[in-house]
Each structure stands twice: as C-alpha cells, then as structure tokens.
Amino acid sequence: MNWGVRIVPEKKANIIERFGKYVKTLGSGIHLLIPFVDRIHKRQFQFRILDAKLASYGVENPIYAIIQLAQTTMRSELEKITLDKTLEEEATLNEKIVVSSKNNKILVE
C-alpha cells in the first residue's frame, strides 16, 4: 500500500507506475508519491541491474535475456581463439562477458 512516502534503501531502486504505466525510477533516499495513484512495481532480481526501467520493461524475461547475452558473447569470443588459448584465457573471456553485459545495461558481475 502506498501511503505517500517511500524510503528506498542504498543500492536499491524502485520502479513507480501510475495507473499501470511506467512513470519513473526512484533511487536511494526518501521520495513522495501520490497515494492510491502511484504504485511500486514489484519485480525481484538476483542480479545487480544498471537500468531498472530497461530490465523491467525492455525485455519480457530479463533472466533469459542475460543468459542469451552471455552465451552470444562467449560464442563470439571463442570463434576468435584456439582451444588451447581458450583454456589459458578463461579469466579474459569472463571479463569480456561482464563488459558486454555492462554495455547492454543488464547486469554487472
């Protein structure tokens, strides 16, 4: 229930909907909302999201999108190197997957 004041913890974000449509993303701090009109969109993530709006509204299934992005990036990088080099550069490959995720504003780490 929305009573007009919302406190968002540090390193968290809340999506606000007004009559079912996205209005804004609240960062950490104290925020005033319109009672009974504004609604906090509930969606649980187990990833650190860079853009909460994009994660909530940009894709139908964000977890599937994250998996697909990681697999696509891995395939792309594996095409560039040999098997021996792949085993040697596992850490570099993992880093490139994280960078790709950051560039698409989906997840970090």
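The values are calculated or read from the model by the stated rules, or taken from the named source; none is laboratory data. Keep in mind that what you see is a predicted model, and the values were worked out from it rather than measured. Positions of Cβ are generated from backbone atoms using ideal geometry, with glycine treated the same way; all protein chains shown enter the neighbour counts. We work out accessible area using only protein heavy atoms, side chains counted, and drop any ligands, DNA or RNA first. Shrake-Rupley method; radii C 1.70, N 1.55, O 1.52, S 1.80 Å.
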Cα-based helix-to-principal-axis angle, 90-103 vs the chain, degrees rounded to 10: 30
Selection from Thr82, Ile7, Asn94, by position along the positive dipole direction of the chain (Cβ): Ile7
Tilt relative to the chain, helix 62-78 - C-alpha long axis, 0 to 90 degrees, to 10: 20
Region 1-81: Rg to Rh, with Rh as the Kirkwood radius over Cα pairs: 1.13
3J(HN,Hα) from dihedral phi, region 12-29, Karplus parametrisation 6.51/-1.76/1.60, rounded to Hz, x for glycine, proline: 10, 9, 10, 8, 10, 10, 10, 6, x, 10, 4, 10, 6, 10, 8, x, 5, x
Accessible surface of the chain, 1.4 Å probe, proportion on carbon and sulfur as whole %: 55
Nonlocal amide H pairs with Lys24, under 5 Å, H built at 1.01 Å: Ile16
Which listed pairs, of Lys80/Lys102; Lys53/Lys80; Lys12/Lys96, have C-alpha distances above 29 Å, in listed order: Lys53/Lys80
Sum of -39500 (n - 2.57) over DSSP H runs of 4+, divided by residues of the chain (222 nm, nearest 500): -10500 deg cm²/dmol
Pair Thr82, Val5: separation of 7 Å Cα→Cβ label points (nm): 6.7
Qualifying trypsin sites (Lys or Arg not before Pro) for region 5-78 [loop in DSSP, other Cβ within 10 Å: at most 15]: Lys11, Lys12, Lys42, Arg43
